[in-house]
């Protein structure tokens, strides 16, 4: 693979922690039942954030599901979020179990150290399936996705109340488990901590929907989101691309930067399972540049098995960060195109075998033929690996991936499930 031109900007310096406060950061103040607001010059940093709330199917209802202020609301919020005197609460009445509500934060500058809490992820009671709250959280730097770490605020009182898997958390769908949480000062079983750690992002999406165990027409349900802390980032390295392709018995890696400030070296790391990483080589960085710089590294005759590669980027002040991961399949088994995982959530890994170097076109379409993605991709002869980032609001279903070369010859076609 070559030419994966995504803005993979990393290696940051950060300023002091700031807070997006639901009660004081928005100008004008968040209006009850309003679906958009802008937080300007947050904590005097010059960072702005636009927040939008949308619903697909069903309708917004009262913030507490029964009475009070129409949601989305700040002033009418009834749930308690630890360490957040103010919070934004969303009450929904979905018409089907596939409907969803999406909360999107868009920041005017790159930020890091992002953390916040979401409360009231629950069910009506332990044996009811009228609704089963499910939350999916993802951050992005441009189109590049970053997944947060999600932990339970109270994992001791009722350890089986919530189920966390990657960037997804839901009320336990097993009958007799989980139930309703009051989300008051004494009941925070349905509360989670969201942390993006050192990831550098400029947008966050919270998708609120039902677990597949919910009944066809869920009942009224709601969540609340607390204040968000973050630090502003100033980034001395902008990584345009990182790609790899098999060439005979070797693997050739290529990457390109748009700018570099005080960078020292690129450490190439390899893994046979994307878990235990070992450094295999070092390439000196240009150091300081405002122009595109291209780099290559060849891994000579690695083992014939699935290989994973990443870059550890070091600067002269001792800071470091990691690139995205490139996968090179060891055995194709006669399959020229494969996609993983299936079902997919935030991204799709693609491996494809090209008979010659070409500029391919990748299409992602749904079962009705509607196109979700069309993208050009440089392929080297042999096995190539790259990542597709689907639109965040794709509905569940079967999707087709089709790849053609620059002469419109079919290189492969496969299916994945959302």
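All of the numbers you see were taken from the coordinates with simple rules; none came from a lab. If you're wondering where the values come from, they're calculated on a predicted model, not measured in any experiment. Backbone-built Cβ (ideal geometry, glycine too); neighbour counts: all protein chains shown.
Mind checking which of 257, 404, 387 has the largest fluctuation in a GNM of the chain, springs on alpha carbons under 10 Å?
Looking only at 257, 404, 387, the largest GNM fluctuation is found for 404.
For the chain, set up a Gaussian network in which alpha carbons nearer than 10 Å are linked by springs, and say which option among 338, 243, 203 fluctuates the most.
338
In nm, what is the difference between 0.36 nm times the number of residues separating residue 278 and residue 164 and their Cα-Cα distance?
38.1 nm
Please state the relative contact order of the chain as a whole percent: Cα pairs under 8 Å, 6+ residues apart?
Values: 1220 pairs, mean separation 68.4, N = 418.
Reported as a whole number, the value is 16 percent.
Can you sort 110, 379 by how many other beta carbons sit within 10 Å, fewest first? Can you show the working numbers first?
Values: 110 19, 379 27.
By the 10 Å Cβ count, ascending: 110, 379.
Stretched out fully, how many nm does the piece from residue 320 to residue 50 gain, at 0.36 nm a residue minus the Cα gap?
Residue separation times 0.36 nm, minus the Cα-Cα distance, leaves 94.2 nm.
The range 323-418: D in µm²/s via Stokes-Einstein (Kirkwood Rh, Cα pairs, 20 °C, 1.002 mPa s)? Spell out each step's value before the answer.
Values: Rh = 13.6 Å.
The estimated diffusion coefficient comes to 158 µm²/s.
Return, ordered by residue number, the residues of the range 390-412 whose backbone nitrogen is under 13 Å from a label point located 7 Å along Cα→Cβ of residue 365.
399-404
For the residues 306, 184, what sequence is obtained by ranking on other C-beta atoms within 10 Å, fewest first?
184, 306
Over all directions, what mean area does the Cα convex hull of the range 237-328 project, stated in square nanometres?
Numbers: hull surface 21.7 nm².
Directional mean of the projected Cα hull area for the range 237-328 stands at 5.4 nm².
Counting pairwise Cα distances across the chain, what percent come out greater than 30 angstrom?
The answer is 48 percent, as a whole percent.
What percent does the relative contact order of the range 237-328 come to when contacts are Cα pairs within less than 8 Å and at least six residues apart?
Computed over the range 237-328, the figure is 32 percent.
Fewest Cβ neighbours within 10 Å first, please rank 119, 326, 416 accordingly.
416, 326, 119
Find, to one decimal place in angstroms, the Kirkwood hydrodynamic radius of the range 8-234, where the mean of 1/r is taken over every pair of different Cα atoms and then inverted.
17.5
How much length would be gained if the chain were fully extended between residue 66 and residue 125, taking 0.36 nm per residue of separation minus their Cα-Cα distance, in nm to one decimal?
In short, 19.6 nm is gained.
What percent do you get for the relative contact order of the range 80-215 when only Cα pairs under 8 Å and 6+ apart count?
40
Among 30, 22, 277, which one shows the highest mean-square fluctuation when the chain is modelled as a Gaussian network with alpha-carbon springs under 10 Å?
It is 277.
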